[in-house]
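Quick one: this structure, given as C-alpha cells, is what I'll be asking you about.
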Amino acid sequence: MPAVGHTPPIPPPTPPSCSECASKTQPAGGGAPTQTASRMWRSSDGKTRIDMPQTSVISDPISKHTIVLDHLKKEASIIPMPPPGSPAVPPGASPAAAAALHPSSVQVQDLGKSMIEGHEVEGKRYTLPHVPPPPKPQIPGRAMPGMKIPGMKVPGAPSVPGMKAPGAPTLPGAKMPAAPPLPGAKLPDAPSMPKPPGAPVPPQKPKLPALPSIAEVWTSVKLKTPVLTKVTTAAGEHTTYCKPTLTAEHPPSVFQIPPGYTIKPPKPPTVPKPPAMPKPPAMPKLPAMPKLPKT
C-alpha cells in the first residue's frame, strides 16, 4: 500500500485496443431478455471509454476521475474516483470491483486459460456473499400525547384557573320516577350456538438463503481487456461478449469531453430536514350555560 501523500503506482502499459461488445440481460423469474450494443476503447496508459447509444463513460486512472457523457442533453458530469484503500463500494458495483475493496469477503477462483473466438483468455470467478441493505434511519416525528421522550416534556391540556368542569345541571324539586318492577317471570336466555372451528393456518413458506453474486471474467492474455463477462445476481443474469482488436494509439480527444458539451456541476449533499415542531394543544371549549327553569 502506498504511503499517505504519495501517488499510487500507475498500472503497467497495455496495448491499445478497441472492442465491439454485445450485452444480454435476463431478469430473474423468466422475464423477457434485453440486448444492448456498446464499444470499448482502451489506451496504453489505462484510460478506457465505453460508448452506448445515449451515454459514454470515460475512466482516467491518472487524473483519478470518471466522465459521464449524456449525448441527448450534451452534458458532461465529472465524478472523482474513490481514494485507494477506501472501504466504500459504489452502488451497483460488480463483484470484481468489490473484490479490490474487500478482498477478505470475496472468494476468487482461478479458472485457468482457454480460447474464445480465437483469443487466448484467462478466467477468474469472483463470489461476493449477499450483503443485506442497511436499515432505514428512524426520523423523529412529533411527540404524541402520552409518549415520554427523555429531556422533553409534552404539554397537556392547559387548565383555566378558578374553573371546574361543571356536571349535569339539576332541576329544583324535580325527581325522575323509578322504573316499575316487572312481573316475576324471567324468560330463559336463548342457548348460544357453538362457534364453528376456525380454518387451520397454512404453514409459512421457509425463507431461502440469499444467493451470492458471482462474476466470471475472461480476459485476453495479449490485450488485457475482457472478452467474456458473466454476472449472476438475485436480480438475474448479465452477459457481455466483446471482440477486441489491436489498434494504434487512440487520439487524446477520444478520452476528453467533446466540444459543445456543458459541464454539469456536482450536486451538493442533501441536508436532512429537522423534525417539525409539535403543534400546541387546542384550547378547551367552555361549557354552555344551563337553562333556568321556568317559574
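We did not get these values from a lab; they are worked out from the coordinates using the rules stated. If you're wondering where the values come from, they're calculated on a predicted model, not measured in any experiment. Here the Cβ is made from the backbone with ideal geometry for all residues, glycine too, and neighbour counts use every protein chain on show.
Which of 201, 106 comes first, and how do the rest follow, when ranked by fewest Cβ neighbours within 10 Å?
201, 106
Arrange 277, 81 by Cβ neighbour counts within 10 Å, fewest through most, would you?
277, 81
Please order 63, 253, 213 by the number of other Cβ within 10 Å, starting at the fewest.
253, 63, 213
Starting from the Cα of residue 79, move 7 Å in the Cα-to-Cβ direction to define the label point; list residues of the range 24-59 whose amide nitrogen is under 12 Å from there.
Answer for the range 24-59: 56-59.
Could you give me the ³J(HN,Hα) list for the range 27-43, computed from phi with Karplus coefficients 6.51, -1.76, 1.60 and θ = phi - 60°, whole Hz, x at Gly and Pro?
For the range 27-43, the Karplus-derived couplings read x, 5, x, x, x, 6, x, 10, 10, 9, 10, 8, 9, 10, 10, 9, 9 Hz, x marking Gly and Pro.
Given the options 213, 245, 286, identify the residue whose Cα lies farthest towards the positive end of the charge dipole of the range 185-294 (+1 on Cβ of Lys, Arg; -1 on Cβ of Asp, Glu).
It is 286, whose Cα lies furthest towards the positive end.
Another question about this same structure. Once you have the Cα-Cα distance between residue 234 and residue 204, take 0.36 nm times their residue separation minus that, and quote the gain in nm to one decimal.
8.6 nm
So who's got an amide H within less than 5 Å of the one on residue 116, skipping anything under 5 residues away but keeping other chains? H placed 1.01 Å off N, in plane.
121
Taking the convex hull of the alpha carbon atoms in the range 189-295, what volume per residue do you get, in Å³?
464
On to the next question. What ³J(HN,Hα) values, in whole Hz, does the Karplus curve 6.51 cos²θ - 1.76 cosθ + 1.60 give for the range 240-254 when θ = phi - 60°, with x put for Gly and Pro?
Along the range 240-254, the couplings run 10, 10, 10, 10, x, 9, 5, 10, 6, 4, 6, x, x, 5, 5 Hz.
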